[in-house]
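The next block holds one structure in the form of structure tokens; read it before the comments.
The values are calculated or read from the model by the stated rules, or taken from the named source; none is laboratory data. Here the structure is a predicted model, which means the values were calculated and not measured. Here the Cβ is made from the backbone with ideal geometry for all residues, glycine too, and neighbour counts use every protein chain on show. Ligands, DNA and RNA are stripped out before the accessible areas are found, and what is left, the full protein with its side chains, is counted by its heavy atoms. Shrake-Rupley method; radii C 1.70, N 1.55, O 1.52, S 1.80 Å.
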Amino acid sequence: TGSSASLFFGINILESLPLLGVTAVASLLPDVDHTQSIIGKILRPISKWTNRRFGHRTLTHGLPFLIMLLLLVSSIESFYSVNYTFTKVFGLAYWFHIFLDMFTVSGVKLMYPLQKDKTFVMIGRKDLRIRTDDYRAEAVAMFIFIILGISLIPLMQNGFWTTYNSFF
């Protein structure tokens, strides 16, 4: 999220505690439909209702729901400000959660509720996708993302194009 915010919008999420908070909340929010997730435990009544009504990785993992949330966040932000920084960061963090879930065995219902039966995955072969109950694979993936995140800190702090131009 930080690298993409820097690349596409020139936003450094590391310089703002509220932006880091928005990133954390938005990246966890799609799993509000799972009662055992961090956000699902915090918002237990909403989580139980959403899971019972729609199931996991359906409504909250769909693009229509993301667009609806972005309209809500942007309208709230436009009431207080006009720069839409929080909306952009929220959208990126929420999207990357959905995108990374497409690398798992079960994938996501990306167009739910418009296409309820179509599941989207990024890797065709099931045996190459990440199993969410395989803690070793998840730990390796998390380690890779942490190393990648640490190595991209200069890029996020200085901005993608500034870093790119100074490098070349």
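Points to keep in mind about this one:
- The set of residues in region 27-64 that are out of contact with any helix residue (DSSP H, G or I) (no Cβ under 7 Å at 6 or more places or on another chain), of a type outside the set (K, R) and open to solvent by 60 Å² or more (accessible area, probe 1.4 Å) comprises Q36, I42, P45, W49.
- Among all residues of region 24-34, there is at least one that is of a type in the set (S, T, Y), assigned to a helix (DSSP H, G or I) and within 16 Å of F65 (Cβ to Cβ).
- Yes/no for L71 being out of contact with any Leu (no Cβ under 9 Å at 6 or more places or on another chain), closer than 23 Å to Y112 by Cα and either among the acidic types (D, E) or open to solvent by less than 40 Å² (accessible area, probe 1.4 Å) (or both): no
- Selection from region 36-81 of residues that are of a type in the set (G, A, S) and touching a residue at least 12 places away in the same chain (Cβ under 8 Å): S47, G55, G62, S74
- Any helices (runs of 4 or more DSSP H) falling wholly within region 95-168 and containing at least 3 residues that are exposed (fewer than 14 other Cβ atoms within 10 Å of the Cβ): 135-151, 160-167
- Long-range neighbours under 8 Å by Cβ, at least six apart or interchain, first residue over 22 Å from S4 (Cα atoms) and polar (S, T, N, Q) within region 131-149, second open to solvent by less than 80 Å² (accessible area, probe 1.4 Å) and modelled with pLDDT of 85 or more: T132/T104; T132/V105; T132/S106
- A count restricted to region 65-84 and to residues that are within 16 Å of the chain's Cα centre (by Cα) and of a type in the set (S, T, N, Q) stands at 0.
- Candidate set: region 1-35, residues that are in contact (Cβ under 8 Å) with a residue 60 or more places away in the chain and among the charged types (D, E, K, R); chosen: the one farthest from R57 (Cα to Cα): E15
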